[in-house]
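The values are calculated or read from the model by the stated rules, or taken from the named source; none is laboratory data. Quick caveat: nothing in here was measured; it's all calculated off a predicted structure. Cβ coordinates were reconstructed from backbone atoms using ideal geometry, including for glycine residues, and neighbour counts include every protein chain displayed. The accessibility values were calculated without ligands, DNA or RNA, using every heavy atom of the protein model including side chains. Shrake-Rupley method; radii C 1.70, N 1.55, O 1.52, S 1.80 Å.
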Amino acid sequence: MTKQLLYPFPRIPTQDLEWGEWAIRINGVQVSETSIADEWDANSELVLGVSVRVRTDSFSRLDVGNPVLTLTATCPSTAFVTYAEAEFRAETSTAGAGAEVRIAGAEVSQILVVRPEIIGDDQSEAWLRRRILAEGPSLRLPLDTELDGFPTSSYSFTQRGMPDAPWRIVVSADGLEAPFAHSIRLELNEDYAPVRKLIAGQPEPHLARELDATIVRVLVGTAARLSSGSSGEQSPDSVAAEFPDSIAAAAQRAAQQYLHLSLTAAVKSYRLTPEKHEYEVANGTRLFKD
């Protein structure tokens, strides 16, 4: 039996690499890593890109061909993965490549990780086709799904032939552990002038409080519906603790923030004393308070 080298293979030296800065765009607008949680929602398109330059003799020293820059984007909470690659263009003494991935906001939530690598065809071993030549700095983006980052879209209800209302909340979850960012959406009606102010970031205080109250009602009501008939199983608070990205966790945050109750207690109040629950919502959101 002949000896075969499995790991490690030589890589491109760090001094022969020059990685560029990450470029992040949301709906075509450049944003920073620190502001992406404020700018992103599930209705956005994210474009993430990076470039690299390499000394051309590095490839020949490693005996590799057809090098490419690859980007792999993964989202653990939604099991989303996408991939892009770009070929190198040779110049006098260096070769450069730039790649970018496009991601629909509805595909990801909580955390998005993008890893850049240089990969090439290895010619040193007959059994080895492609291998990693270098790894660049990873990009880890927090995509906030707290209550303030409620997945939202806006459009004209009239143009779509829908019944008139300032907003509606659409819920598609079939279990308390369902990912919050993919299970619920706030849809705002652009036909209303006060709603247009809300969209522009200048909401009238009473409108913002009424919207908070609506969100609390829907989240707690959804938790009550999804947990009904689950006697002997986990409590809503237990599900929220086990699945921090879930609709149960979002409902728990709303119950704690506005009602000063555990989610389990809020669900009990919603079911047994709805009139008391409505009073708690009005009090907690300071509804119509000057």
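Here A250, A241 are screened, and the one residue that is without any contact (Cβ under 8 Å) to a residue 24 or more places away in the chain and either assigned to a helix (DSSP H, G or I) or open to solvent by less than 10 Å² (accessible area, probe 1.4 Å) (or both) is A241. Restricting the range 22-69 to residues that are more than 15 Å from A95 (Cα to Cα) and among the polar types (S, T, N, Q), the residue that is farthest from the chain's Cα centre (by Cα) is Q30. Residues considered: P163, P194. Of these, the only one that is in a helix (DSSP H, G or I) and over 26 Å from the mean Cα position of the chain (by Cα) is P194.
L69 falls short on exactly one of the conditions (1) touching a residue at least 24 places away in the same chain (Cβ under 8 Å); (2) not in a strand (DSSP E or B), and that condition is (2).
Comparison of I169, I199, I119 shows that the only residue that is within 21 Å of S44 (Cα to Cα) and either among the polar types (S, T, N, Q) or at pLDDT 85 or above (or both) is I169. Can you name the residue in the range 84-123 that is hydroxyl-bearing (S, T, Y) and not in a strand (DSSP E or B) and, of all such residues, is surrounded by the most Cβ atoms within 10 Å (Cβ to Cβ)? Among residues in the range 84-123 that are hydroxyl-bearing (S, T, Y) and not in a strand (DSSP E or B), the one surrounded by the most Cβ atoms within 10 Å (Cβ to Cβ) is S109. Give me the residue from the range 202-213 that is open to solvent by less than 60 Å² (accessible area, probe 1.4 Å), part of a helix (DSSP H, G or I) and farther than 18 Å from Q256 by Cβ and, out of that set, modelled with the lowest pLDDT. Only one residue fits best here, namely A208. For the range 136-149, the condition holds for at least one residue, the condition being that it is open to solvent by less than 70 Å² (accessible area, probe 1.4 Å), closer than 18 Å to P10 by Cα, modelled with pLDDT of 70 or more and in a loop (DSSP other than H, G, I, E, B).
Residue by residue, here is whether (1) out of contact with any helix residue (DSSP H, G or I) (no Cβ under 7 Å at 6 or more places or on another chain); (2) open to solvent by 50 Å² or more (accessible area, probe 1.4 Å); (3) within 19 Å of L133 (Cα to Cα); (4) not small (G, A, S) holds:
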| residue | (1), (2), (3), (4) |
| --- | --- |
| W19 | yes, yes, yes, yes |
| I26 | no, no, no, yes |
| E39 | yes, yes, no, yes |
| A42 | no, no, no, no |
| V47 | yes, no, no, yes |
| V54 | no, no, yes, yes |
| F59 | yes, no, yes, yes |
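For residues that are more than 23 Å from P142 (Cβ to Cβ) and touching a residue at least 40 places away in the same chain (Cβ under 8 Å), tally how many sit in the range 253-277.
Total meeting the criteria: 8.
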